[in-house]
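Please treat every number below as a calculation from the coordinates, not as lab data. The structure displayed is predicted, hence computed values, not measured ones.
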Amino acid sequence: MSAKKFFISALVGTTLAATTVQAKTLVAYFTLTGNTQHAAEIIAQKAGADLYQIELITPYPSDYKEQIALAKKELSEGTLPLIKDLPANLDEYDIIFVGSPVWWGTIATPVRTFLASGALKGKTVIPFVTHGSGGPDKSFTDTKELCKDCKVRTDGWSGYNNLTPGLESWTQKMLEEVQK
Ligand SMILES: Cc1cc2nc3c(=O)[nH]c(=O)nc-3n(C[C@H](O)[C@H](O)[C@H](O)COP(=O)(O)O)c2cc1C
């Protein structure tokens, strides 16, 4: 290769490298029994993303009936439970996958706190949920409702308990679409 050709090729290489920088991605999730965490880990692996677990300052009681009663009370009263500190570098992320278990047909209250915090303003939010026999129900539309300043996808992923069919291909599809 001539010196001139080499120079042009190096220049083109530099330009390409600069334009193919990937958007920084975070997978944020809340879990009580591990199902949503399992899905979150698969998404993070596929997307090369960082993981952030949404945690309550005061955890739910360990007794299942008490958990259910408290969660139901929070949802019906519209209470947003306090969560631990958000990631200090949250501003750096462009795309945030947000995972929740389905509670009474919608997203869990700690996830509502996260979405309503205002910290996701302007970001692309891609929801995913795990559920029992009821399915995702209002989870995705409620995510959009709660995160008014975000660009929320309402074609989220949902899976039954810890089963994850199609999760990797859905993750790939979402990443391609939002980075177009
Ligand atoms: C308080 C509570 C409410 C729930 N409500 C629903 C529901 O409305 N519909 C549904 O399909 N599953 C419901 N489930 C089942 C969970 O969504 C499901 O088991 C989920 O995978 C749990 O995720 P996790 O292990 O990440 O906490 C509920 C579970 C709990 C604890």
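Starting from the amide H of G99, placed 1.01 Å from N in the peptide plane, find each other amide H under 5 Å away whose residue is 5 or more places distant or on another chain.
Close amide H contacts, sequence-distant or interchain: A28, Y29, F30, F128.
Write down the percent of antiparallel bridges among all DSSP beta bridges whose residues are both part of the chain, to the nearest 5. Could the numbers behind the result be given before it?
On the way: 3 of 25 bridges.
DSSP beta bridges in the chain are roughly 10 percent antiparallel.
What are the lysines whose alpha-carbon lies under 30 Å from the alpha-carbon of K144, with same-chain residues fewer than 8 places away excluded?
Partners found: K24, K46, K65, K72, K73, K84, K121, K123, K173, K180.
Using Cα centres only, tell me the gap between region 65-131 and region 35-51 in whole Å.
16 Å
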